[in-house]
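Have a look at the structure below before the remarks.
What follows is calculated from the coordinates using simple rules that are stated; it is not laboratory data. The structure presented is a predicted model; accordingly, all values stated were derived computationally and were not measured. Backbone-built Cβ (ideal geometry, glycine too); neighbour counts: all protein chains shown.
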Amino acid sequence: MSSSADSLKLDAIGLKCPQPLLLLRTAMRDHALTRTFEVAADDPLAHVDLAAFCARFGHDYQRSADGSLHWIKRKA
């Protein structure tokens, strides 16, 4: 995990669902001022959980073309 004032990178490589989502939720709780989260995940279904979570709570979600990087921007 690495961070700057406005973004946080999370390494979920090797974690199977729902662990990437749990890692994100914990990071969002622990870093309340962070706006953008980048999740590196190699589980091919991670995008399903992450996208559903973002849709439910109003966060913006994008992923890379190969599906290995996911960007979540906390709703304002």
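Relative to the current alpha-carbon distance between Asp11 and Ala76, full extension at 0.36 nm per residue lengthens the span by 21.0 nm.
Between Ala40, Ser64, Ala27, the Cα set farthest toward the positive side of the dipole of the stretch 2-73 (charges on each charged residue's Cβ, about the Cα centre) is that of Ala27. Charged side chains reduced to their Cβ positions (Lys and Arg at +1, Asp and Glu at -1) give the chain a dipole of some 340 debye around its Cα centre. In the chain, Cα pairs under 8 Å separated by at least six residues give a relative contact order of 30 percent.
Among beta bridges from DSSP that stay inside the chain, the antiparallel ones total about 70%.
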